[in-house]
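Derivation of every value follows stated rules applied to the coordinates shown; laboratory data play no part. No experiment lies behind these values; they were computed from the predicted model shown. Cβ atoms come from the backbone with ideal geometry, glycine included; neighbour counts cover every protein chain shown.
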Ligand SMILES: C[S@@+](CC[C@H](N)C(=O)[O-])C[C@H]1O[C@@H](n2cnc3c(N)ncnc32)[C@H](O)[C@@H]1O
């Protein structure tokens, strides 16, 4: 008998509900913003030095909130520099939201945006065809590489676009956190229809090390509040569970053995700590920074 499980990415309405709840229960975005404000300017210090123009490529811009935080930090340290930014995002609704957000942000009036509704690999082709010699100062891929068919090839191409002191920043889930453990054990059953959603920073680090490419790594501790996942029928808990497993209505549709295994892992003290009566599941992020 085939499993009635359905991938969350095939149910746009449920995905969107889960995404909204994930913003409430996960500390991911707070942690990202803290990193961008406190660590990124230092990481880019040598790249920023003596610049009169500064070119950025954002791959998988989403709705743009994280990009805007990056650009506003850059504009503080580059007050008189002309910043150009290629925004690369395949989803039209996301890109439209991103444009709208930019148009409502007057502090970015001096940034010259180019909008590219395409995937990172389509943008690679576009770049090779239109301006193969051009180099850039800063490229970032924030929670994006999971969606590329060949992540190692994408890293290699985009690294080749860097100026002498340019930097490529990759942000992914850390290989050591609870969420990655869940994927590594149950990934085949949970993510049957998807490509590389099981990718972690550990995979990229392994490739880079094998190729002798040096990088800096920063772990950003992050958690998801999964307390309500243990209350069957709780609306919020069920959405969080779907978000974690990427399965629509996981509790009702997953085979009993899979469900028991996933719930045991979520309860494991190796990955979940109790703080003020709340169960916090580890989903650390990791940032890798590469030069030319
Ligand atoms: C998890 S979101 C991250 C968005 C944003 N970087 C952030 O951190 O808020 C991943 C984004 O990558 C986009 N995406 C999916 N496949 C892609 C691809 N092959 N190339 C570039 N972006 C892609 C998605 O549409 C989505 O907006």
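Under Stokes-Einstein, with the Kirkwood radius over Cα pairs standing in for Rh, what whole-number D in µm²/s applies to region 8-290 at 4 °C and 1.567 mPa s?
Values: Rh = 20.0 Å.
The diffusion coefficient I find is 65 µm²/s.
Sorting 131-141, 233-243 by their mean Cβ neighbour count within 10 Å, with the most densely packed peptide first, gives 233-243, 131-141. For the chain, the longest principal axis of the C-alpha atoms and the axis of helix 12-25 are separated by about 80°. The ranking of 47, 200, 273 by Cβ neighbour count inside 10 Å, starting from the fewest, reads 273, 47, 200. Inter-label distance, residue 278 to residue 33: 1.5 nm, where each label sits 7 Å from its Cα along the C-beta direction. Gain on full extension, evaluated as 0.36 nm per residue between residue 12 and residue 24 minus their Cα-Cα distance, stands at 2.4 nm.
Divide by every residue of the chain the summed helix terms, -39500 (n - 2.57) for each DSSP H run of at least 4, and state the resulting mean residue ellipticity at 222 nm, rounded to the nearest 500 deg cm²/dmol.
Details: 13 runs with 128 residues, N = 292.
Using -39500 (n - 2.57) per qualifying helix, the result is -13000 deg cm²/dmol.
Axis angle, to the nearest 10 degrees, between helix 235-245 and the longest C-alpha principal axis of the chain: 70 degrees.
Using the average count of surrounding beta-carbon atoms within 10 Å as a protection proxy, the listed peptides 12-23, 56-67, 116-127 rank, highest first, as 56-67, 116-127, 12-23. In this calculation the C-beta distance from residue 100 to residue 257 is compared with R0 = 45 Å, giving a FRET efficiency of 0.50.
Estimated at 0.36 nm per residue, the fully extended path between residue 214 and residue 135 surpasses their Cα-Cα distance by 26.4 nm. Placing a pseudo-label 7 Å from each Cα along the Cα-to-Cβ vector at residue 185 and residue 270 gives an inter-label distance of 0.7 nm.
Quick one: grab the alpha carbon gyration tensor of region 203-292, order the square roots of its eigenvalues as a ≥ b ≥ c, and give me rounded if a/c is under 1.5, else prolate or oblate depending on whether a/b is larger than b/c. In terms of gyration-tensor shape, prolate.
So in the chain, what percent of DSSP beta bridges are antiparallel if you round to the nearest 5? Mind showing how you got there, number by number?
Values: 21 of 43 bridges.
If I count the DSSP bridges inside the chain, around 50 percent turn out antiparallel.
Compared with the dominant principal axis of the Cα atoms in the chain, helix 201-210 is inclined by about 50°.
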